[in-house]
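The values are calculated or read from the model by the stated rules, or taken from the named source; none is laboratory data. Just so it is clear, the structure is predicted and the values come from calculations on it, not from any experiment. Ligands, DNA and RNA are stripped out before the accessible areas are found, and what is left, the full protein with its side chains, is counted by its heavy atoms. Shrake-Rupley method; radii C 1.70, N 1.55, O 1.52, S 1.80 Å.
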Amino acid sequence: MHKEVKPKKRNEFSRYVAIFLSALFTIFMKRTVEDSFTYLQELSFLMDLGLYLIIFVPLHYLISKFTDWLYSDSGESNS
């Protein structure tokens, strides 16, 4: 009567694409922000790393959701 619900496996390729795109966009956005606010260029290493993480985490979440949706039907049959 009830189908057993199996957890969805994430496509490995979509995971790597999400990490790559997130890192690429993070680097681009951080450089853009540093160009706009020159005092950010003089941050210490830990503050610089924190800025990367603040930009990376939300971007990675959004991009991973997008790539999961994009690659959700690849490799699955409809039977």
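Brief remarks on what is shown
- The slack between ASP48 and PHE13, meaning 0.36 nm per residue of separation minus the straight C-alpha distance, is 9.7 nm.
- For LEU21, solvent-accessible area (1.4 Å; no DNA, RNA or ligand), Å²: 50 Å²
- Heavy-atom accessible area, probed at 1.4 angstrom with all protein chains present, ranks THR38, THR32, THR67 as THR38, THR32, THR67, highest first.
- Within the assembled protein chains, the solvent-accessible surface assigned to SER64 is about 10 Å², based on a 1.4 Å probe.
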